[in-house]
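See structure below.
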């Protein structure tokens, strides 16, 4: 179920909010979990079963880790006095005691089960296709596997898998307390606002809110504002830019200007598409009493790729930093090891986005530039240039990398980039494409997207204080967006499939 759909806005959301508000406080997690499973299983009920299995196993592993921590602390108290801790709060002391074999086994099992499920459902088809392609290259087509099952990718599995893993890791590290009630943990993993496209909510960020939170009119009104701005970004900007991008990337040939027009349109589409979803997720969370972290911070204002990854998909970049990059050693070892760690994190981050070599190349481009910037002192190569030029260069690098993200295969991506640099062979049909691309509506959409990207304040800042003027603007944008949404046939969500 998409946020930008009539069934969500006019049926699911009102019923879900009403059921949540009228439920007794002790029942709210159960009600929210039930609606979240309905939301997730709408396309395919089997997806909900897979998520439930992942949830149940990680819940059990978390209990093993926590119970063993209690046992270890109890044994230590008999021989060494420990400072008094609040009831049930074992995390502070757990950081200072060795982990037991059972705790380590539970953590390893949690990570293995989670990654195995993610790997099977997301990369099985990719592995078989890669195997068959390799055999075709060496002329051994008789050994190809064509009769194996094809696996359907469950929506949002990358997001909720990372969330479930963060729970057991945080509990193991002593950074959070384990959840004793299963329904509370199921609510955390399945919460529909951020279930299928993030932001990735780490357990330590929401642990206290799962125990206690307050529903206020201020939160609700700010949540409505987030949803209004998010839906407007999605319907009025992302979808319009997406039509331009699809026209260009589906064309057989393009001239240089058209190719750049399409690539820039896709850069705006993916930004407004994904940041819109994050805005709506944050807004819906506020309407339920939860405060989710910011996921975008005007990334196209970045003056380097290093800065870009501090601003783009912040929940993913910080997750990879804290749970993968630091675990590999981060920058605490030699410079060479630091560069290897950066490359590995970005390559795996690219592969996380999708089972395709295009995503690996996309991650490799970003990883390569990050390494280059670190070699130069992170951004010293940019410091001699004016700020606007540094921002422009960074945007061009990001846009070129987006081509691999959008193109269906490597050959198409290379061909498209060739067209961007005058190596294409545009035919007569390219004149027809130009007529479509430069219609007043398309140009207005792209110009509006650029103006908002580089001059408008962020949704996070716009919604801090809601006065009569902003309230009127939000209601107007929401009404216009809903009207346009009901007439649009082109309404994809790029990150919905990740």
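For the chain, the longest principal axis of the alpha carbon atoms and the long axis of helix 387-406 meet at an angle near 90°. Peptides 438-445, 117-124 ordered by packing proxy, namely the average of other Cβ atoms within 10 Å per residue, highest first: 117-124, 438-445. Take 42-51, 172-181 and order them by the average number of nearby Cβ atoms within 10 Å per residue, most first; the result is 172-181, 42-51. Quick one: compute the contact order of the chain, relative version, from alpha carbon pairs under 8 angstrom and 6+ residues apart, as a percent. About 19 percent, as a whole number. Between the range 290-313 and the range 112-150, the alpha-carbon centres lie 35 Å apart. Summary of packing: across the peptides 17-30, 354-367, 392-405, the per-residue average of other C-beta atoms within 10 Å ranks them, highest first, as 354-367, 392-405, 17-30. Against the main long axis of the alpha-carbon atoms of the chain, helix 357-375 sits at an angle near 80°.
The range 165-210 and the range 348-400 have Cα centres lying 31 Å from one another. Report which label in (1) 26.8; (2) 27.9; (3) 23.7 holds the value of mean projected area of the Cα convex hull in nm² derived from the coordinates of this structure. From the options (1) 26.8; (2) 27.9; (3) 23.7, the structure gives (2).
Model label sites at residue 180 and residue 490, defined 7 Å from Cα along the beta-carbon direction, differ in position by 5.5 nm. Using the Cβ-Cβ distance between residue 392 and residue 256 with R0 set to 22 Å, the FRET efficiency works out to roughly 0.80. Exposure proxy ranking for 353, 143, based on other Cβ atoms within 10 angstrom of each Cβ and starting from the fewest, stands as 143, 353.
From its DSSP helices (H runs of at least four residues, each -39,500 (n - 2.57)), the chain gives a residue-normalised ellipticity at 222 nm of -21500 deg cm²/dmol. More than 22 Å apart: what percent of Cα pairs in the range 181-262 qualify? Of all Cα-Cα pairs in the range 181-262, 53 percent lie more than 22 Å apart.
Neighbour counts of C-beta atoms inside 10 Å place 184, 170 in the sequence 184, 170, starting with the fewest.
If R0 is taken as 22 Å, the Cβ-Cβ distance between residue 44 and residue 11 corresponds to a FRET efficiency of 0.70. Fully extending the segment from residue 217 to residue 372, taken as 0.36 nm per residue of separation minus the present Cα-Cα distance, adds 51.0 nm. Here the translational diffusion coefficient of the range 161-315 follows from Stokes-Einstein with Rh set to the Kirkwood radius across Cα pairs; for 25 °C and 0.890 mPa s it amounts to 141 µm²/s.
For helix 28-41, report the angle its Cα long axis makes with the longest principal axis of the Cα atoms of the chain; keep it between 0 and 90° and round to the nearest 10°. Orientation of helix 28-41: about 40 degrees from the principal axis.
Coordinate-derived values only; no laboratory data. The shown structure was predicted, so the numbers you read here are calculated from the model rather than taken from an experiment. Glycine gets a Cβ as well: all are built from the backbone with ideal geometry, and neighbour counts include every protein chain shown.
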